[in-house]
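Visitor: Let me begin by handing over the structure; questions about it come next.
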Amino acid sequence: MKKFTFSLFILLMLSASASAQKRTYAPNIDVHIMPIALAFPDPSLRIGTEYMTSGRWSYGISLGGGLNVLGLHRAPWNSLKSRKYNMVEIRPEVKFYWLRRENVGWYAAAEGVFLRVHRTLGKNDHYLSDSTKLSFDGSKFSKSKAGFVVKLGTKFIVPERLTIDLYTGFGLAKANVRYSRIENPREVSYDPFFEGENFFPGRKWTPLVSFGAKFGLLVWQKQE
């Protein structure tokens, strides 16, 4: 195992050395979208920007908004069907590119996650215990979440001005889920299966799984 780890370390160092001899990204700024966020349990239209320095660091931020008019909160994959839906999120990010070449870079990143969700629900239910849940004809729903994600990813520039950023990662967040103004509540039996975090009211730590692709356009690049 020690020999394998040492060999892997030497391979990475040689790759980094070879990469340093090649032309790398010029400092640039892109604007990108993240389409898969439209299909999340709390869907949003997410756009962002990234500033890549002449070194190995880059800095970015993404902003997301839930749009009631698009009807995404009523999609079949969404466990909470809502009469009204409002969502906003902010995601600052710092990246370190350990390998960079002219049109591709491999990076590690830390991303903050801050979001708020408000819904007006129709018929629905939420968790009470491992054998019961509370069903109701309508309620107000709110959720706030703050946390972080550690990610690994690869970014491509193709061709000339287009960018593609593929990534995955894991993290942790503190969520606060609230149901209020509940209409006609009734306790019913419940057979536990897999439920999303919106089903469980209260404050709790929750894991974050991050994956996706960002598609962007360079809006500025330093000329050599």
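The values are calculated or read from the model by the stated rules, or taken from the named source; none is laboratory data. If you're wondering where the values come from, they're calculated on a predicted model, not measured in any experiment. Heads up, the Cβs are rebuilt from the backbone with ideal geometry, glycines too, and the neighbour counts pull from every protein chain shown. We work out accessible area using only protein heavy atoms, side chains counted, and drop any ligands, DNA or RNA first. Shrake-Rupley method; radii C 1.70, N 1.55, O 1.52, S 1.80 Å.
Visitor: Going through the range 105-121 one residue at a time, which ones are closer than 25 Å to SER189 by Cβ and open to solvent by 10 Å² or more (accessible area, probe 1.4 Å)?
Guide: Residues satisfying the conditions do not exist here.
Visitor: Here is a follow-up. Among the strands (runs of 3 or more DSSP E) contained in the range 117-176, which hold 1 or more residues that are under 30 Å from LEU218 (Cα atoms)?
Guide: Result: 138-157.
Visitor: For a quick check of your reading of the model, give me the residue pairs whose first member lies in the range 149-177 and is free of Cβ contacts under 8 Å to residues at least 60 places away in the same chain, whose second is of a type in the set (Ser, Thr, Tyr) and in a strand (DSSP E or B), with beta-carbon atoms closer than 6 Å and at least 6 apart or on different chains.
Guide: Note: pairs meeting the criteria are LYS151/TYR167; LYS151/SER210; GLY153/TYR107; GLY153/TYR167; LEU166/THR154; ALA175/THR206; ASN176/SER144.
Visitor: Also, quick follow-up: When the range 179-224 is examined, which residues are found to be loosely packed, with under 15 Cβ neighbours inside 10 Å, on the phi < 0 side of the Ramachandran plot and of a type in the set (D, E, K, R)?
Guide: GLU183, ARG186, GLU187, ASP191, GLU195, ARG203, LYS204, LYS222, GLU224
Visitor: Of the conditions (1) at positive phi; (2) of a type outside the set (Val, Ile, Thr); (3) at pLDDT 95 or above, GLU160 satisfies every one except a single condition; which number is it?
Guide: It is condition (3) that GLU160 fails.
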